[in-house]
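Scroll down for the structure; my scribbles are underneath it.
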Amino acid sequence: MVQDVQDKCRILIVENNDDIRAGLAGELTTLGHSVIATGERGEALARQDLDQFDLIVSDLVNHERVKETEVVRSFKLGVTGSPARRTIPALHDVIEKTLSFKLQRIDAAPNAVHIREKIDLELPSDLTLMNAVLEYLLDRVARLGLIKIEQSNLFVALDEAFVNAVKHGNQNDPGKLLRVTAELSTHEAIFTVEDEGDGFDVRAIPDPRDPANLFKSSGRGVLLIYNIMDEVEYSERGTRLKMVKRPETSAPVN
């Protein structure tokens, strides 16, 4: 069946590895979307039609040496505007296919050596898109051997952060973006979740441990995040949440 043109996404892939660029382009084309792939970041940034793409995927295997002994591996996936609700199902398939491709064809490579990995995701506020993101991030943490996922309750903390940002921050408005960043290293995992909402004062949330608030649901998600993560920091407006999780056996950082 031919895909409805209204559900067809326009995707830009920026990747200097020929095989990976062609492989991902082929995967996404089979979903019925329009895919343009380039190996040059400068060429991509110079395009006059960047705002016409629904999604941009870049730096799948880029390694940036910032110090003589430090290598940063980056991955970026994000929308270029405010997609209409009708594109959400199509975006879901694209995001799921892209993250699955990266895990199976790139992250699983035995010679994938890196010291620090940075993942940037910028997506519409829709919880159906967050499921694939959550699974991908947990898989990356698990494969890197940083944290024992089952014992850490990391799933609960990240899920609460996503739900709060989408529902309470962006009010389930797919026209508002959710920005998720993960910085993974040998000694910690740093997650940042930022919404485009009006913000809130975290100090004003009722303490769910207070008997007077026993039957109130507000505040329980934030309390869970504080209990699970090693460090939690909200921005002044409450639109940006930074969470740090470290392995229980990790040595103190000098």
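Quick look at the values:
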quantity	calculated
Residue ranges of helices (runs of 4 or more DSSP H) in segment 124-171 with at least 3 members buried (at least 21 other Cβ atoms within 10 Å of the Cβ)	127-143, 154-163
Enumeration of residues in segment 127-166 that are among the charged types (D, E, K, R), touching a residue at least 40 places away in the same chain (Cβ under 8 Å) and within 14 Å of GLU194 (Cα to Cα)	GLU160
Test: LEU158 is more than 17 Å from LEU224 (Cα to Cα) and touching a helix residue (DSSP H, G or I) at 6+ places or on another chain (Cβ under 6 Å)	no
Residue count for segment 40-53, restricted to those that are in contact (Cβ under 8 Å) with a residue 24 or more places away in the chain and under 23 Å from the mean Cα position of the chain (by Cα)	6
Failed condition for THR186, given (1) under 24 Å from LEU55 (Cβ atoms); (2) part of a loop (DSSP other than H, G, I, E, B); (3) not hydrophobic (A, V, I, L, M, F, W, C)	(1)
Criterion violated by LEU146 - all others in (1) at pLDDT below 90; (2) over 20 Å from the mean Cα position of the chain (by Cα) satisfied	(2)
Hey, THR186 touching a residue at least 60 places away in the same chain (Cβ under 8 Å) and either touching an Asp or Glu at 6+ places or on another chain (Cβ under 7 Å) or among the acidic types (Asp, Glu) (or both) or not	no
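The values are calculated or read from the model by the stated rules, or taken from the named source; none is laboratory data. What you see is a predicted model, and the numbers here were worked out from it, not measured in a lab. Don't worry about glycine lacking a Cβ; one is built from the backbone with ideal geometry, like all the others, and counts go over all protein chains shown.
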